[in-house]
Amino acid sequence: MTNLEAYIPIVEQAIASFGIDVASCRTDSPTVWSLKRGSANVTMLLNLNQENRAIFVVISGIMEVPDQNREALFLELLTINHTLVGTYFTVYNNSLICLASSRYADGLDPKEVAEMLEAQSYAADALDDMLIAKYGGKRV
């Protein structure tokens, strides 16, 4: 058993607590799940960081970074970050705006996974349409 396999039942129990069919969320990787909540596409994954510690990540791609109004968009994302609990906006590869939450997997339990999924997916669903309409980015 790898460091990650012990956490798989914890994540899957949390997914099931929402009444979601766990099998429909599984991907080709046993430590990655994908689902849709509202307009948000949500990916959850277990991974090892550079120190070989298990981490749990919940992430939603929101939009491509538009060519116009980038500074205003980034300022708004930072302002919104200040109001969020347990989740944050990030820019991946200077081209993709994501909403994410992460933590070390040590001590992870199904309730915490469910809370992370709920908070992150709620925020992604609530904010994606507004940001796309306001800044003209392309949905991912």
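The values are calculated or read from the model by the stated rules, or taken from the named source; none is laboratory data. Model, not experiment: these values are computed from the prediction. A quick note on method: Cβ atoms are made from the backbone with ideal geometry, for glycine too, and the neighbour counts reach across all protein chains shown. Areas reflect the complete protein model, heavy atoms only, side chains present, ligands, DNA and RNA absent. Shrake-Rupley method; radii C 1.70, N 1.55, O 1.52, S 1.80 Å.
Below are the figures for this structure:
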quantity	calculated
Filtered residues of the range 127-140 (kept if open to solvent by less than 80 Å² (accessible area, probe 1.4 Å) and without any contact (Cβ under 8 Å) to a residue 24 or more places away in the chain)	130
Set 52, 41, 47, 3: member being closer than 16 Å to residue 103 by Cα, of a type outside the set (D, E, K, R) and part of a strand (DSSP E or B)	47
Within the range 83-110, considering residues that are more than 16 Å from residue 60 (Cβ to Cβ) and among the small types (Gly, Ala, Ser), the one most open to solvent (accessible area, probe 1.4 Å)	107
Flag for residue 18 being farther than 18 Å from residue 103 by Cβ, part of a loop (DSSP other than H, G, I, E, B), out of contact with any His (no Cβ under 6 Å at 6 or more places or on another chain) and open to solvent by 60 Å² or more (accessible area, probe 1.4 Å)	yes
Of all residues making up the range 32-47, the number that are farther than 17 Å from residue 122 by Cβ, touching a Leu at 6+ places or on another chain (Cβ under 7 Å) and crowded, with 19+ Cβ neighbours inside 10 Å	1
Top-ranked residue of the range 55-71 - restricted to ones that are within 14 Å of residue 89 (Cβ to Cβ) and outside any strand (DSSP E or B), ranked as most open to solvent (accessible area, probe 1.4 Å)	70
